[in-house]
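Please read the structure below before turning to the comments.
The values are calculated or read from the model by the stated rules, or taken from the named source; none is laboratory data. Remember, predicted model here, so these are calculated numbers, not experimental data. Cβ placement follows ideal geometry from the backbone for every residue including glycine, while neighbour counts extend to all protein chains displayed.
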Ligand code: UT7
């Protein structure tokens, strides 16, 4: 048994190919003004030859290099994704092989856009239980492969990316850096990627209403369980679904607007990758102080949700 875990580092990867709103306007009946005012996105990245496992591996490599640990230390790899093309081997095993991690417990988890928070909680629980000592947790998506590029209601929203974190058990004299998770589901077909029609479809307004009414309560509960007031947060990183969802929630919570993640503007909605991607970039830019409490809240397909307060490396 361990007292808890802490995050040592983050890493992220985005493909180099940029798809702007103007590019999309050549492909479907849309325009930059609609996309920016309704969703807040200016551009997104689209993978070319990179697979889900490639992107996950690149992000994990960066996080591991920044962690001070080596492949020998890692005994658990958890990958959150809803866009892996293959059922087996799972992406986590492929990432372990790419990085040369010898024999970790390795599994994928699919809760769509809440995936990273679910995976982080699962790895934290494994470390607390003594079933693992150090873990790599990855959120990765290649949504471009499951986007219907003739459907303007979804084609303008999604992007490809990966984000990763390295976790390790805390010592007896340290406080845990991953706070208690608030997680659950509200089963609905409002967002679906089904085998017979392998494209993302969503009832946008239904999900919008659900997110704006349910996420604030989840966020407040995660803060309460961590013993942190929302006004004390050094970072707020909700799933990057829509600026019109993110900003009212931040206002409702009373979070300092300067510490709210708005990576959707340059990356679109990257589902399970959006939280670690946004947080990794904020840390890289020096926007989040080391040790600051940061609230993560994932929500999406299922419908599922998960949130927790973490201490940043
Ligand atoms: O990541 C998982 C969680 N997902 C979410 O949280 C998504 C939540 N939902 C949303 O963010 C928003 O509902 C969307 C961004 C998906 C859509 O925005 P909306 O403001 O709800 O638009 P809408 O679907 O109500 O469509 C409004 C109008 C419609 O035209 P009419 O019927 O008013 O004439 C659409 O046909 O906008 C039209 N429209 C577009 N116009 C230009 C829909 N897509 C586009 C487009 N370009 N790309």
Item to complete: Hey, could you check segment 177-225 for residues that are in contact (Cβ under 8 Å) with a residue 12 or more places away in the chain, more than 11 Å from the ligand (Cβ to nearest atom) and part of a helix (DSSP H, G or I) and say which is farthest from residue 146 (Cα to Cα)?
Response: 225
Practice prompt. With the checklist (1) without any contact (Cβ under 8 Å) to a residue 40 or more places away in the chain; (2) surrounded by 15 or more Cβ atoms within 10 Å (Cβ to Cβ); (3) more than 9 Å from the ligand (Cβ to nearest atom) in hand, flag the one item residue 228 doesn't pass.
Written response: (1)
Worksheet entry | Matching residues, segment 58-80, being surrounded by fewer than 23 Cβ atoms within 10 Å (Cβ to Cβ) and within 26 Å of residue 300 (Cβ to Cβ) | 58, 62
Practice prompt. Residues being part of a loop (DSSP other than H, G, I, E, B), within 13 Å of the ligand (Cβ to nearest atom) and on the phi < 0 side of the Ramachandran plot: count how many of those fall in segment 253-282.
Written response: 1
Response to the item:
Reported set for segment 231-247 where residues are in a helix (DSSP H, G or I) and either closer than 16 Å to residue 295 by Cα or more than 13 Å from the ligand (Cβ to nearest atom) (or both) is 231, 232, 245, 246, 247
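Considering each of 106, 97 in turn, give the residue that is farther than 17 Å from residue 200 by Cα and assigned to a helix (DSSP H, G or I).
Answer to the check: 97.
Please work out if residue 83 is at negative phi, more than 16 Å from the ligand (Cβ to nearest atom), buried (at least 20 other Cβ atoms within 10 Å of the Cβ) and in contact (Cβ under 8 Å) with a residue 40 or more places away in the chain. Talk me through it step by step, then tell me what you get.
Numbers: at negative phi: yes; more than 16 Å from the ligand (Cβ to nearest atom): no; buried (at least 20 other Cβ atoms within 10 Å of the Cβ): yes; in contact (Cβ under 8 Å) with a residue 40 or more places away in the chain: yes.
No: the conditions fail for residue 83.
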Discussion item. Could you check segment 197-223 and list, in sequence order, the residues that are surrounded by fewer than 15 Cβ atoms within 10 Å (Cβ to Cβ) and modelled with pLDDT of 95 or more?
Written reply: 205, 206, 209, 213, 217, 221
Worksheet item: Based on what the data block shows, is residue 124 crowded, with 24+ Cβ neighbours inside 10 Å and away from the ligand (no atom under 12 Å from the Cβ)?
Response: yes
Worksheet item: Take the residues of segment 33-55 that are within 10 Å of the ligand (Cβ to nearest atom) and part of a helix (DSSP H, G or I): which is surrounded by the most Cβ atoms within 10 Å (Cβ to Cβ)?
Response: 35
Item to complete: Could you check residue 250 against (1) in contact with a strand residue (DSSP E or B) (Cβ under 8 Å, 6 or more places away or on another chain); (2) in a loop (DSSP other than H, G, I, E, B); (3) free of Cβ contacts under 8 Å to residues at least 40 places away in the same chain and say which number it fails?
Response: (2)
Fill in: Condition met for residue 21 (more than 16 Å from the ligand (Cβ to nearest atom) and surrounded by 17 or more Cβ atoms within 10 Å (Cβ to Cβ))
no
Fill in: Qualifying position, being assigned by TED's automatic domain parsing to the domain that holds residue 188, surrounded by fewer than 24 Cβ atoms within 10 Å (Cβ to Cβ) and closer than 16 Å to residue 178 by Cβ, among 257, 248, 293
293
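Residues checked against (1) modelled with pLDDT of 95 or more; (2) in contact with a helix residue (DSSP H, G or I) (Cβ under 7 Å, 6 or more places away or on another chain); (3) under 18 Å from residue 142 (Cβ atoms):
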{"position": "250", "(1), (2), (3)": "yes, yes, no"}
{"position": "253", "(1), (2), (3)": "yes, yes, no"}
{"position": "262", "(1), (2), (3)": "yes, yes, no"}
{"position": "267", "(1), (2), (3)": "yes, yes, yes"}
{"position": "270", "(1), (2), (3)": "yes, yes, yes"}
{"position": "273", "(1), (2), (3)": "yes, no, yes"}
{"position": "276", "(1), (2), (3)": "yes, yes, yes"}
Worksheet entry | Subset of segment 25-52 [in contact with a helix residue (DSSP H, G or I) (Cβ under 6 Å, 6 or more places away or on another chain) and without any contact (Cβ under 8 Å) to a residue 60 or more places away in the chain] | 31, 32
Practice prompt. Exactly one condition in (1) touching a residue at least 12 places away in the same chain (Cβ under 8 Å); (2) out of contact with any helix residue (DSSP H, G or I) (no Cβ under 8 Å at 6 or more places or on another chain) is not met by residue 57; state its number.
Written response: (2)
